[in-house]
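Enquirer: My questions will all concern the structure given below.
The values are calculated or read from the model by the stated rules, or taken from the named source; none is laboratory data. Quick caveat, the model's predicted, so the values are computed rather than measured. Here Cβ is always computed from backbone atoms with ideal geometry, including for glycine, and neighbour counts include all displayed protein chains.
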Amino acid sequence: MTTTTPYTAPTGEQEASRTTAESSTAVRRRRKDWQGWLFTWPFAFVFVFVFITPLVYALWLSLFQNQLVGGNSFVGLGNYVTAFQDPSFWDGFGRVLGFLLIQVPIMLLLAMVAALAIDSARLYATGLFRVVVFLPYAVPAVVAVLMWGFLYSDNFGLTASINDWLGGTVLQPFARRWVTASIGNIVTWEYVGYNMVIFYSALKTIPTELYEAAEIDGARGWQVVRAIKLPAVRGAIVIATIFSIIGSFQLFNEPNVLQPLANNVITSSFTPNMYAYNLSFAGQQYNYSATVAIIMGVFTAVIAYVVQMRGSRKEDR
Amino acid sequence: MSTGHRTINVRARTGGARRSFSVTRPPKSVAMTLLMVLFLVYALVPIVWLLVNSTKTQGDLFSTFGLSFGHTFALWDNIVATVTHDDGIFLRWLANTLLYVVVGAGGATFLATLAGYGLAKFRFPGRGAYFAVVLGAVAVPGTALAVPTFLLFSQLGLTNTPWSIIIPSLISPFGLYLIWVYTIDSVPTELLEAARLDGAGELRTFFTISVRLLAPGIVTVALFSVVATWNNYFLPLIMLTDPDWYPLTVGLNQWSAQAAGVAAEPIFNLVVTGSLITIVPIVVIFLLLQRFWQSGLSAGSVKQ
C-alpha cells in the first residue's frame, strides 16, 4: 500500500491489523472446513441419484441374463462376449465410426473456415453472419430432422423439385447408400454454427499486440492464420473434437426421427444407441441393452481421452 | 470480468484512429463475404422453408414449389388447427414443455451455481474427488445411462410422471464448470473475507453479494439449460407413454409418425406449423441474449 501523506504510522497499523485479521480468518476457515458442502451437497445429492446410481446399476445389469426359462441368472462377462460377436452391434458401430471419420472433420473444417472469416474483420455485416450461422443450434433436433425430412421427401420437398427440374431421380436422400450422408448433413447443419462460435471465441482472446508484432515482421493474411491463429485455438479444437466424438457415438435422435420416412433403410440397429434403445423398449432385453450401452460408453471415454492427451501433448511442445 | 476486457479488445482492433489498412484493420473483401453468404443460405434454407410452408394449406403443400408461397395464405388457419387438433393437445404439450423448462432448467441453474461457487471458494474434504467425478461424467454418454435410469425410475414409480423428466434435467456438469470459471474470475476472495469479518454467514454473503457478481454467468447457464430442456427428446421418449405428459418435441414426432405412417392421417400442415411454433420462442430468446451465449461458450472453450 502506498501513500503520499506524511502520516504513515496509521497506515502501517491498519496493515498490521489487517494481516492479523486475515490470519485469524484463515484459521477460522480451516476449522470450518466443511462449509463448502453447504453449497455443494444439493448438486452432489441429485448427481448421485441420476448419474452414479444408474451407472452402477447398468454395470450390475450387464452381468446377468433374464430368460423365460430359468429366470434371472448371473452370467459374468457373458453378455460382453455376446456383444463382441454380434454383427448387429458391429454394423451400427461401423456406421458411427465412419460418421466420426467423415462428418466430424468436414463439419469442424467448415466451422473453422467460418470462424476465421468472421474473425478476419474483412466481412461486410459480420454480426449478421455470426448470429444466423449459429441459429440452427437453437432449433430442437426433432424439428431440425422434421424440416430436413420434408426437404428430402419425394412428395413436397426441395429434392422433388430439383429432381423434376433435372429430370429423373438424381437425388435420393433416403436410398440405402445415401441415408447416412443425409443424416450427416442434418448433424452438420445443427452444429456447424456452435463449433464456429467456440472457435471464434478462442480467436477473440488472441492479444492485439501479437497481430501488431506480426505486422511489424511483415506477416500477411495466411501467414498470420498459420503462425498465430491456428496455434492459439488448438485447445478449442481439442474440445470441439471431443464433443463431436461423444455426439457421433451417441447418434440417436436424427436416425430415430427419420426412421418413419426411410423405413426399410434405417434399421433397428442403425447406430449402437438405437440398438440399445430397441433392445430395451421393443425387445425387453434390458441386460443386453445395458451391456451395449456400457461398451459404447467405454469406447467413447477412451477415444475422448486419447484425443485429449494427444491434443495437450502437442500444446506442450 | 471477461466480457469487459473483451470489449476493450474489440475496440482496440476496430478503432477508427488509423485509416491505413493493416493486419488488424484489413480492407473488406467481397469474395469472403460471398463465401459467408453460402453459409448463411445453408443455415436459413430449412428455416425459410418452414416459414413459407406454415402458410400453406395441405393441398398447396403438395402441389406448389417448396420455397414459394401457395395459392392461399393459411398461416392463421394452420395455427388455429394446430392448437385445436385433438382437443388442444398441442397447448398441453406446450404447457408441459414450459413446466419442464421452468422447474428443470431453473433447478439446474440453481444447483450448478451453488456447487460451482462452493468448489471455487472453499477448500473442503473431498473437493478434489468431487470435481474429478463431475467433470469425468461429461464424457459418459448420457444415453448410456438412459436405460438404467428408466429401470430405476420405473421401480420407484416415477416413470410417466413429470418428475422423470425434471429430476435428470437438474444436473448440468457444464453449468457447474462455467460457474466455477466465473467465480474465480469475478468474485474476489478479499470481498468475501470482508463480509466474514462483518459477521455475515456464508449463505447470506452468497445471496447478497456473490450472486450479483455472478449474474452474467448465471444467465448464461440458465440459457443453455433452457435450450437443453426445451430441446430434450430422448429422455421424455423413453420415460413417458402418456401423451398428456409429452413435451413438444415428442408430441411433434408422434404427429409426424401419424402423418407418414401406414394408417396415414394427413396432418402435415400441423407438423409444419407446430414445428414453427416450437422454434420461435427459443430463437427469440437466443437473439435477445446473444451477449451471454457468446461469453459462455468462450469461457467454456478458453479455460482448460
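Enquirer: Quick test for you: out of A:Leu108, A:Leu116, A:Leu146, A:Leu100, pick the one residue that is part of a helix (DSSP H, G or I), in contact with a helix residue (DSSP H, G or I) (Cβ under 7 Å, 6 or more places away or on another chain) and under 30 Å from B:Phe268 (Cα atoms).
Expert: Testing whether each residue is part of a helix (DSSP H, G or I), in contact with a helix residue (DSSP H, G or I) (Cβ under 7 Å, 6 or more places away or on another chain) and under 30 Å from B:Phe268 (Cα atoms) leaves just A:Leu146.
Enquirer: When B:Thr161 is evaluated against the numbered criteria (1) touching a residue at least 40 places away in the same chain (Cβ under 8 Å); (2) in a helix (DSSP H, G or I), which criterion, by number, is the only one it fails?
Expert: (2)
Enquirer: What pairs come out if I take residues in segment A:242-268 that are on the phi < 0 side of the Ramachandran plot and pair them with residues that are assigned to a loop (DSSP other than H, G, I, E, B) and among the aromatic types (Phe, Trp, Tyr) whose C-beta lies under 7 Å away, six or more apart or interchain?
Expert: Cβ pairs passing all conditions: A:Asn253/B:Tyr233; A:Pro255/A:Phe270; A:Leu261/A:Phe174; A:Ala262/A:Phe174; A:Val265/A:Phe174.
Enquirer: I need the full set of residues from segment B:26-41 which are part of a helix (DSSP H, G or I) and within 7 Å of chain A (Cβ to nearest Cβ), in order please.
Expert: Within segment B:26-41, the subset part of a helix (DSSP H, G or I) is B:30-41.
Those that are part of a helix (DSSP H, G or I) and within 7 Å of chain A (Cβ to nearest Cβ): B:Met32, B:Thr33, B:Leu35, B:Met36, B:Phe39, B:Leu40.
Enquirer: Still on this structure, please answer the following. What residue, of B:Val280, B:Val284, B:Val250, is within 9 Å of another protein chain (Cβ to nearest Cβ), at pLDDT 85 or above and not in a loop (DSSP other than H, G, I, E, B)?
Expert: The match here is B:Val250.
Enquirer: Hey, another quick one. Just name the residue that is surrounded by the most Cβ atoms within 10 Å (Cβ to Cβ) out of those in segment B:129-153 that are more than 8 Å from chain A (Cβ to nearest Cβ) and at pLDDT 90 or above.
Expert: B:Phe153
Enquirer: Pull up segment B:239-251, narrow it to residues that are β-branched (Val, Ile, Thr) and crowded, with 20+ Cβ neighbours inside 10 Å, then point me to the one that is farthest from A:Tyr275 (Cα to Cα).
Expert: Of everything passing the filter in segment B:239-251, B:Thr249 is farthest from A:Tyr275 (Cα to Cα).
Residue-by-condition table, conditions (1) out of contact with any Leu (no Cβ under 9 Å at 6 or more places or on another chain); (2) surrounded by fewer than 17 Cβ atoms within 10 Å (Cβ to Cβ):
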| residue | (1), (2) |
| --- | --- |
| A:Val50 | no, no |
| A:Thr53 | no, yes |
| A:Ala58 | no, no |
| A:Leu61 | no, no |
| A:Ser73 | yes, yes |
| A:Thr82 | yes, yes |
| A:Asp86 | yes, no |
| A:Phe93 | yes, no |
| A:Val96 | no, no |
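Enquirer: Another question about this same structure. Are any residues in segment A:278-293 facing chain B (nearest Cβ under 8 Å) and buried (at least 24 other Cβ atoms within 10 Å of the Cβ), and if so, which ones? Walk me through how you get there before you give the answer.
Expert: We begin by selecting, within segment A:278-293, every residue facing chain B (nearest Cβ under 8 Å); these are A:280-281, A:286, A:289-290, A:293.
Matches in segment A:278-293: A:Ser289, A:Ala290, A:Ala293.
Enquirer: Could you look through segment A:184-220, keep only residues that are small (Gly, Ala, Ser) and part of a helix (DSSP H, G or I), and pick out the one that is surrounded by the fewest Cβ atoms within 10 Å (Cβ to Cβ)?
Expert: Taking the candidates together, the pick is A:Ala213.
Enquirer: When you check A:Val139 against the structure, is it at the interface with chain B (Cβ under 9 Å from one of its Cβ atoms), touching a helix residue (DSSP H, G or I) at 6+ places or on another chain (Cβ under 7 Å) and buried (at least 21 other Cβ atoms within 10 Å of the Cβ), yes or no?
Expert: When the stated conditions are applied, A:Val139 passes them.
Enquirer: Quick one: count up the residues across segment B:195-242 that are more than 16 Å from the chain's Cα centre (by Cα), closer than 22 Å to B:Ile179 by Cα and among the hydrophobic types (A, V, I, L, M, F, W, C).
Expert: Total satisfying the criteria: 9.
Enquirer: Now for a different question. Say whether the condition of being crowded, with 18+ Cβ neighbours inside 10 Å, at the interface with chain A (Cβ under 9 Å from one of its Cβ atoms) and in a loop (DSSP other than H, G, I, E, B) is met by at least one residue in segment B:214-231.
Expert: Yes, the conditions are met somewhere in segment B:214-231.
Enquirer: Being β-branched (Val, Ile, Thr) and surrounded by fewer than 17 Cβ atoms within 10 Å (Cβ to Cβ) is the filter here, so list the residues in segment B:24-45 that pass it.
Expert: B:Val30, B:Val37, B:Val41
Enquirer: A:Tyr152 fails exactly one of the following numbered conditions: (1) in contact with a helix residue (DSSP H, G or I) (Cβ under 9 Å, 6 or more places away or on another chain); (2) closer than 18 Å to B:Asn53 by Cβ; (3) facing chain B (nearest Cβ under 9 Å). What is the number of that condition?
Expert: A:Tyr152 satisfies every listed condition except (3).
Enquirer: Scan segment A:221-233 for residues that are more than 9 Å from chain B (Cβ to nearest Cβ), surrounded by fewer than 14 Cβ atoms within 10 Å (Cβ to Cβ) and either touching a residue at least 40 places away in the same chain (Cβ under 8 Å) or more than 22 Å from A:Arg310 (Cβ to Cβ) (or both) and jot them down.
Expert: First, pick out the residues of segment A:221-233 that are more than 9 Å from chain B (Cβ to nearest Cβ): A:222-223, A:225-232.
From what is left, the residues that are surrounded by fewer than 14 Cβ atoms within 10 Å (Cβ to Cβ) are A:222-223, A:226, A:231.
Result: A:Trp222, A:Gln223.
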